[in-house]
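One structure is given here, and the rest of the page talks about it.
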């Protein structure tokens, strides 16, 4: 049992982000997975038929915000491959996913 003065665990949230630009065929999904795992997030990164990459992530809000910031960062300070022109996000209810997969 945690000590009484320790903070409660952070609430989990879910974000889906559709990333546009030159993001397919350049290692973007692999890079996104590495960033998400570094931040302790679960989810997936998948190519969409329209050329975007769909990123789904679950975890604490602050870490989700950091992932979104890294996706949008221009120029990328973390070696992000490709070129991002837009990131559109949607917040949803967490589903309890584990791990992070590329599709």
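Would you please name the residue that is surrounded by the fewest Cβ atoms within 10 Å (Cβ to Cβ), looking only at residues in the stretch 43-66 that are under 10 Å from the mean Cα position of the chain (by Cα) and more than 16 Å from residue 97 (Cα to Cα)?
The selected residue is 65.
Which of (1) surrounded by 13 or more Cβ atoms within 10 Å (Cβ to Cβ); (2) free of Cβ contacts under 8 Å to residues at least 24 places away in the same chain; (3) on the phi > 0 side of the Ramachandran plot does residue 40 not meet, given it meets every other one?
Against the list (1) surrounded by 13 or more Cβ atoms within 10 Å (Cβ to Cβ); (2) free of Cβ contacts under 8 Å to residues at least 24 places away in the same chain; (3) on the phi > 0 side of the Ramachandran plot, residue 40 comes up short only on (1).
For the stretch 38-86, which residues satisfy the criterion of being under 14 Å from residue 21 (Cβ atoms), in contact with a strand residue (DSSP E or B) (Cβ under 8 Å, 6 or more places away or on another chain), at pLDDT 95 or above and part of a loop (DSSP other than H, G, I, E, B)?
48, 51, 52
Residue under question is residue 94, and the condition is that it be in contact (Cβ under 8 Å) with a residue 12 or more places away in the chain, touching a strand residue (DSSP E or B) at 6+ places or on another chain (Cβ under 8 Å), surrounded by 13 or more Cβ atoms within 10 Å (Cβ to Cβ) and in a loop (DSSP other than H, G, I, E, B); does it hold? Quick ask: steps written out before the conclusion?
Details: in contact (Cβ under 8 Å) with a residue 12 or more places away in the chain: yes; touching a strand residue (DSSP E or B) at 6+ places or on another chain (Cβ under 8 Å): yes; surrounded by 13 or more Cβ atoms within 10 Å (Cβ to Cβ): yes; in a loop (DSSP other than H, G, I, E, B): yes.
When the stated conditions are applied, residue 94 passes them.
Looking at residue 35 and the list (1) surrounded by fewer than 19 Cβ atoms within 10 Å (Cβ to Cβ); (2) under 23 Å from residue 93 (Cα atoms); (3) out of contact with any strand residue (DSSP E or B) (no Cβ under 6 Å at 6 or more places or on another chain), which single condition is not satisfied?
Just one mismatch for residue 35, condition (1).
May I ask you to list the residues in the stretch 8-23 that are touching a residue at least 40 places away in the same chain (Cβ under 8 Å) and in a loop (DSSP other than H, G, I, E, B)? Full working, then the answer.
We begin by selecting, within the stretch 8-23, every residue touching a residue at least 40 places away in the same chain (Cβ under 8 Å); these are 10-23.
The answer is 10, 11, 23.
The values are calculated or read from the model by the stated rules, or taken from the named source; none is laboratory data. Keep in mind that what you see is a predicted model, and the values were worked out from it rather than measured. All Cβ positions, glycine included, derive from the backbone under ideal geometry; neighbour counts span all protein chains shown.
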